[in-house]
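Reviewing the structure listed below.
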Amino acid sequence: MHSVVCIKQVPDSAQIRVHPVTNTIMRQGVPAIINPYDLFALEEALRLKDRFGGKVTVITMGPPQAEVALRKALSFGADDAILVTDKSFAGADTLATSYALAATIRQIAKESPVDMVFTGKQTIDGDTAQVGPGIAKRMDLQLLTYVSRIVSVDQDKREIVVERRAEGGVQVLKTSLPCLITMLEGSNQMRFGTMPDMFRAARYEMKFWDKTAAGIEDVTKIGLKGSPTVVNKVFTPSPRSEKAEMIAVEGGSPADVAVALLAKMAARFPLVEKELAKRA
Amino acid sequence: MSEETQVKKKRKIVLDERLLAYKGVWVFIEHERGQVHPVSWELLGEGRKLADMLGVELAGVVLAAPGEEAKRFCEEAYQYGADLCYLMQSEVLADYRNDPFTQGLTELVNAYQPEILLLGATTQGRDLAGSVATTLQTGLTADCTGLTIDPDNRSLLSTRPTFGGSLLCTIVTLNYRPQMATVRPRVMAMPEKVPGRVGRIVEHPLAMAEDDIVTKVLEFIADDSRDKPQLPFADIIVAGGRGLGKPENFQLVRDLAEALGAEVGASRPVVQAGWVELDRQVGQSGKTVRPKLYIAAGISGAIQHRVGMEGADCIIAINNDPNAPIFDFAHYGIVGDAMTILPALTEAFRQKLATLKQAG
Ligand SMILES: Cc1cc2nc3c(=O)[nH]c(=O)nc-3n(C[C@H](O)[C@H](O)[C@H](O)COP(=O)(O)OP(=O)(O)OC[C@H]3O[C@@H](n4cnc5c(N)ncnc54)[C@H](O)[C@@H]3O)c2cc1C
Ligand SMILES: Nc1ncnc2c1ncn2[C@@H]1O[C@H](COP(=O)(O)O)[C@@H](O)[C@H]1O
């Protein structure tokens, strides 16, 4: 079983701050992490390797610094890592990203056939959940999104059964390999790296692939040129035109404040009043 | 809507001759188990505005198994504002599966060429939108919170949160059509239904048989909706945040919710600390809600929380910090300790409901 896991290095958005005066994003000192959602994909691929043997290849498209994310993935137990990096990839939206990643996975498959491709549900910086479906369509792989559990794998028949989160329930789907799975968060828990894997990760000779190595055939489909969407402007959300009406009662108790609030609300929000009447 | 912090040079969008033929606004009508997802009606409401700005028709797109049900979906779509519906019926469309739906929607787009295609940002809508956009090789903007038309060049301006929700950005699609966008449930208002409003049907066949489809649905396990909180569609929500201090204090939020027959919501730190279930998180990485009344206790009003609840008709905020950001967009604010204000509110609402009941 050969799985390819797509991971992305992202800024730890929990630590991003917007400068209070200039309203610009303060990125300095914000640590880069593996997109948290991708860890569920990686762990699931490692579990398949535990059960069926084979190997796990992690790939990312990004700047040279993304090497750190790949080494981290190796320390969890991934076997191989490829950093797809080329100046011409800059400015890629999801369509251009899926084109480059699909080409890369095809190159990998030339050396060792790929049974499964995994991606996270979405990234925390792009947040689009489009790259997984994009890769699947470009490679003509069966697409299984929001998978919460791999129920069974039949290696001889090359079939897989999964549970997929749908609206209002869970779909149980059967399909054939190779396929692409986008893994749902919370579906598993990332293991701790072992000592030997950590050493191996530190010594691993990283593979850097430029656009030629990644087998990119059409350069008009990558980077800014291959991206149909562009960001026109970035801005901070403005406050509502009016601020909250503050309820306070001179020398009053919390009970007085509560009563005052309800009286004001009844006058200004008949809609709420009607809703309350329904519940009376 | 806001103050710009960084303006890039405005791009001139010049469409190729063949792309000029793309006309009309489409909304994908999502359904599962015989139910249309309400987000589709919300999108028809929004799509109506876009279509009127452009002076074009608004269409619903229904892919379904043959039968009365699909026709009923179309009739309902007219009542929510659609001028026409594209209807594709086939046995292979009985359950949602990526392949037949992607092929079906792609065929329809290629045949009838809409300029805008909107889908709900649900598990189904996102699965389908990402696939169709790649197949059609066009642009897709996910999780939009605002949609409008650029009067200069008729292109769609899609606004969405970026950088984990701390900023907003506006995205345009260059020389590609259709312009695709997904929108989360409850972000847009539900339009009024107009009984008796009618439209026309355009039927189109799907050139695909069950044998062509690799993926099979073995089973559908419906959620046991009895215990599942239905936060997005609740009319009253009482939410608590980290300001409540400890898990035991969260009971005060539950007490008020119970008095009101309301759902309980929470900010992310409270969910992460395990005080309440994951399903109750409101915000950017939780649920978007649109209640008539939202009561927030001990919640600072960070942008990631705000984007999930600012669609509420009336927001009451309780916070002991008079400068808490939540007071910038709440309708009513009470500065004070949630531990004493919450019980007082619970009592006041109880009495109010009792009075309303007497009044009949
Ligand atoms: C990528 C990303 C996604 C996120 N998604 C979400 C999301 O979906 N939902 C979400 O909520 N957050 C989300 N967050 C987190 C968000 O940025 C805030 O950290 C979070 O909303 C803060 O929660 P809080 O208001 O409960 O806590 P705090 O910010 O700690 O605020 C507590 C408030 O309680 C007040 N307080 C303290 N004591 C009392 C008292 N006794 N009585 C009354 N008030 C009191 C304080 O003045 C303060 O305003 C996200 C963050 C990131 C980076
Ligand atoms: N640059 C990238 N390199 C590798 N994988 C990526 C990249 N961007 C996105 N992905 C994968 O695609 C998933 C969805 O990303 P997104 O569409 O940006 O939300 C992520 O969880 C990753 O698994």
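The values are calculated or read from the model by the stated rules, or taken from the named source; none is laboratory data. Computed from a predicted structure; not experimentally measured. Counting neighbours? That spans all protein chains shown, and the Cβs are built from the backbone with ideal geometry, glycine included. Please note that ligands, DNA and RNA were not included when accessible areas were found on the heavy atoms of the full protein model with its side chains. Shrake-Rupley method; radii C 1.70, N 1.55, O 1.52, S 1.80 Å.
In the stretch B:120-147, which residues give up 40 Å² or more of accessible area once the other protein chains are added, compared with their chain alone (1.4 Å probe)?
With the partner chains in place, the stretch B:120-147 has these residues losing at least 40 Å²: B:Thr123, B:Arg126, B:Asp127, B:Thr134, B:Gln137, B:Leu140.
Report, as an integer, the average count of C-beta atoms from other chains found within 10 Å of each Cβ along A:131-143. Please list the in-between numbers first.
Values: counts 2, 4, 13, 6, 2, 6, 11, 3, 0, 0, 1, 6, 8.
That average works out to 5.
Sorted by accessible area with a 1.4 angstrom probe, largest first, how do A:Ser176, B:Ser267 fall?
Numbers: A:Ser176 40, B:Ser267 15 Å².
Ranking A:Ser176, B:Ser267 by accessible area, largest first, yields A:Ser176, B:Ser267.
Share of the stretch A:2-221's accessible area from carbon and sulfur, percent, 1.4 Å? Mind showing how you got there, number by number?
On the way: 4980 of 9400 Å².
After summing per-atom areas, the C and S share lands at 53 percent.
Cα axis of helix B:338-359 to longest principal axis of chain B: angle in degrees, 0 to 90, nearest 10?
Approximately 80 degrees, to the nearest ten.
For chain B, what does the helix formula give at 222 nm: sum of -39500 (n - 2.57) over DSSP H segments with n ≥ 4, over the residue count, nearest 500 deg cm²/dmol? Could you put the intermediate results ahead of the total?
Working: 8 runs with 102 residues, N = 360.
About -9000 deg cm²/dmol.
Where the Cα atoms of the stretch B:18-212 are projected onto their three principal axes, how long is each span, largest first, in whole Å?
Computed over the Cα atoms, the extents are 44, 39, 35 Å.
Kindly point out, ordered by number, any Cys in the protein assembly as shown whose beta-carbon has no other cysteine beta-carbon under 4.7 Å away.
Here A:Cys6, A:Cys179, B:Cys144, B:Cys169, B:Cys314 come out as lacking a disulfide-compatible partner, given the Cβ-Cβ threshold of under 4.7 Å.
When the helix-only estimate is applied to chain A (DSSP H runs of n ≥ 4, each -39,500 (n - 2.57), divided by the residue count), what is the mean residue ellipticity at 222 nm, nearest 500 deg cm²/dmol? Before the final figure, lay out each step's value.
On the way: 7 runs with 88 residues, N = 280.
Mean residue ellipticity at 222 nm (helix-derived): -10000 deg cm²/dmol.
Can you pull the Rg over Rh of the stretch A:29-173, Cα-only, Kirkwood?
Details: Rg = 15.3 Å, Rh = 16.2 Å.
Over the Cα atoms of the stretch A:29-173, Rg/Rh equals 0.95.
Using the heavy atoms of the protein chains alone and a 1.4 angstrom probe, what is the accessible area of the stretch B:18-212 per residue in square angstrom? Working shown, then result.
Working: 6450 Å² over 195 residues.
Averaged over the residues of the stretch B:18-212, the accessible area is 33 Å².
Running a GNM on chain A with Cα contacts under 10 Å, which residue among A:Lys137, A:Lys211, A:Lys233 ends up with the highest mean-square fluctuation?
Between A:Lys137, A:Lys211, A:Lys233, it is A:Lys233 that shows the largest mean-square fluctuation.
Send over a whole-number figure in Å² for the accessible area per residue of the stretch A:240-280, probe 1.4 Å. It would help to have the intermediate numbers written out before the result.
Details: 2470 Å² over 41 residues.
So the stretch A:240-280 comes to 60 Å² accessible per residue, rounded to a whole number.
How large is Rg over Rh for the protein assembly as shown, taking Rg from the Cα atoms and Rh as the Kirkwood inverse mean of 1/r across Cα pairs?
Numbers: Rg = 25.4 Å, Rh = 26.1 Å.
Ratio of gyration radius to Kirkwood radius for the protein assembly as shown: 0.97.
Less than 16 Å apart at the alpha-carbon level, and either on another chain or at least 8 residues along: which aspartates and glutamates does that give for A:Lys243?
B:Glu310, B:Asp313, B:Asp321, B:Asp328
How big is the A-B contact in terms of buried accessible area, both chains counted, 1.4 Å probe, rounded to the nearest 100 Å²? Don't jump to the answer; show the numbers that get you there.
Working: alone 16600 and 18270 Å², together 26870 Å².
About 8000 Å² of accessible surface is lost on pairing.
Could you give the C-alpha radius of gyration of the stretch B:231-359 expressed as a fraction of 2.2 N^0.38 Å, taking N as the number of residues it contains? Mind showing how you got there, number by number?
Numbers: Rg = 13.4 Å, N = 129, 2.2 N^0.38 = 13.9 Å.
It is 0.96.
Give me the distance between the Cα centres of the stretch B:96-120 and the stretch A:114-149, rounded to whole Å.
The two parts, judged by their Cα centres, are 19 Å apart.
From the cross-link list A:Lys121/B:Lys71; B:Lys193/B:Lys292; A:Lys110/A:Lys225; A:Lys274/B:Lys357; A:Lys8/A:Lys121, which pairs have alpha carbons spaced over 23 Å apart? Mind dumping the intermediate values first?
Working: A:Lys121/B:Lys71 34 Å; B:Lys193/B:Lys292 19 Å; A:Lys110/A:Lys225 27 Å; A:Lys274/B:Lys357 12 Å; A:Lys8/A:Lys121 12 Å.
A:Lys121/B:Lys71; A:Lys110/A:Lys225, as the Cα separations exceed 23 Å there.
If packing is taken as the average number of other Cβ atoms within 10 Å across a peptide's residues, how do A:98-107, B:85-94, A:43-52 rank, most packed first?
Going by the mean number of other Cβ atoms within 10 Å, highest first, we get A:98-107, B:85-94, A:43-52.
Counting only other residues whose beta carbon sits under 15 Å from that of A:Arg138, what net charge do I get with K and R as +1, D and E as -1? Let's see the in-between values first.
Details: positive: A:Arg106, A:Lys137, A:Lys221; negative: A:Asp93, A:Asp140, A:Glu217, A:Asp218, B:Asp99.
Charge balance near A:Arg138 sits at -2.
Would you please give the FRET efficiency between A:Ala248 and B:Thr148, computed as 1/(1 + (r/R0)^6) with r the Cβ-Cβ distance and R0 = 56 Å, to the nearest 0.05? Display every interim value, and only then the final one.
Values: r = 39 Å, r/R0 = 0.70.
Efficiency computed from Cβ-Cβ geometry: 0.90.
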